[in-house]
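> Just dropping this structure here.
The values are calculated or read from the model by the stated rules, or taken from the named source; none is laboratory data. All values derive from a computational prediction rather than experimental measurement. Backbone-built Cβ (ideal geometry, glycine too); neighbour counts: all protein chains shown. In case anyone asks, the SASA skips ligands and DNA or RNA and just uses the protein heavy atoms, side chains included. Shrake-Rupley method; radii C 1.70, N 1.55, O 1.52, S 1.80 Å.
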Amino acid sequence: MAVATLMIELSLIRVFDVLFYPNLAYMIITCAIFAFGLAGIYSVLRPLNAPEAVQSFLSSRAFLFSIATLVILPVTNLLPFDFYELKTDFSTQFLYFLGIYLVLVLPFFLAGLVFTNLFATYAKSIQTLYFWDLAGAAVGSVILLPF
C-alpha cells in the first residue's frame, strides 16, 4: 500500500506539472496529506468495533483504493478544467476543479484508512509495521525514477 500510494503521489505531481500550471502540481502533496489526516479523524470518530472485522475492512478498503486509483485518469480526462479560463468562467471551472480534487482525495483517503486502522489494531507491532511502511515508501520513490 505504501509503494502504491507514493508512486501515485509522485506520478500525479509529474502529470499535473505538465498538464496544468506547474505550481498547481504541488497541490497533490497537500491533497494527500489532507486525505491522510481526514482518514485519521474518520477512524477516530468511527472506530472498528470488532477486532475480527479488521481483515475484511482492510481488504475492502485496499480494493476500493485500487478502483479509486484507476478512476483518476478517466475522470481527469473527462473534466475539461483549464487553469487559464478561471478568469472568464470561474463557476464552471471551479466545479471541474472540485471534481478533479475529489477524485484525487479519494485514493489517499482510502489508503489513510488502511494505514490508520492497521496501525491502531496492531499497535504492539508498530515498529515492524512502521519499518515496512517506510520501506514501501522508499521503494515507491525509487521505482518511479526510471519512468
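> Just give me the residues in the range 67-108 being open to solvent by 50 Å² or more (accessible area, probe 1.4 Å) and among the polar types (S, T, N, Q), in sequence order.
The answer is N77, T88, S91.
> Restrict the check to the range 8-21 and report whether at least one residue is of a type in the set (F, W, Y), in a helix (DSSP H, G or I) and within 14 Å of L110 (Cα to Cα).
Start the filter on the range 8-21 by keeping residues that are of a type in the set (F, W, Y), which leaves 16, 20-21.
From what is left, the residues that are in a helix (DSSP H, G or I) are 16.
Applying the additional criterion that residues be within 14 Å of L110 (Cα to Cα) yields none.
No: zero hits.
> I would also like to ask the following. From A123, A135, which residue is in contact (Cβ under 8 Å) with a residue 40 or more places away in the chain and among the hydrophobic types (A, V, I, L, M, F, W, C)?
Of A123, A135, the one residue that is in contact (Cβ under 8 Å) with a residue 40 or more places away in the chain and among the hydrophobic types (A, V, I, L, M, F, W, C) is A135.
> Given the options T128, T116, T76, name the one that is part of a helix (DSSP H, G or I) and within 13 Å of M1 (Cα to Cα).
After ruling out the rest, the residue left standing is T116.
> Pick out the one residue from I67, I28, I41 that is among the β-branched types (V, I, T) and in contact with a helix residue (DSSP H, G or I) (Cβ under 7 Å, 6 or more places away or on another chain). Quick ask: steps written out before the conclusion?
Working: I67 fails: in contact with a helix residue (DSSP H, G or I) (Cβ under 7 Å, 6 or more places away or on another chain); I41 fails: in contact with a helix residue (DSSP H, G or I) (Cβ under 7 Å, 6 or more places away or on another chain).
None of the other options fit; the residue is I28.
> Can I ask one more? When you go through V54, V44 one by one, which is the residue that is surrounded by 15 or more Cβ atoms within 10 Å (Cβ to Cβ) and among the β-branched types (V, I, T)? It would help to see each step written out before you state the result.
Numbers: V44 fails: surrounded by 15 or more Cβ atoms within 10 Å (Cβ to Cβ).
Criteria check complete, one pass: V54.
> Could you identify the single residue in T116, T121 that is crowded, with 17+ Cβ neighbours inside 10 Å and under 20 Å from C31 (Cα atoms)?
T116
> Tell me, yes or no, whether the range 104-115 has at least one residue that is out of contact with any Lys or Arg (no Cβ under 9 Å at 6 or more places or on another chain), at pLDDT 85 or above and farther than 20 Å from A137 by Cα.
Scanning the range 104-115, I find no residue that is out of contact with any Lys or Arg (no Cβ under 9 Å at 6 or more places or on another chain), at pLDDT 85 or above and farther than 20 Å from A137 by Cα, so the answer is no.
> Right, here's the next one. Modelled with pLDDT of 85 or more, of a type outside the set (A, V, I, L, M) and open to solvent by 50 Å² or more (accessible area, probe 1.4 Å), is that true of S11?
no
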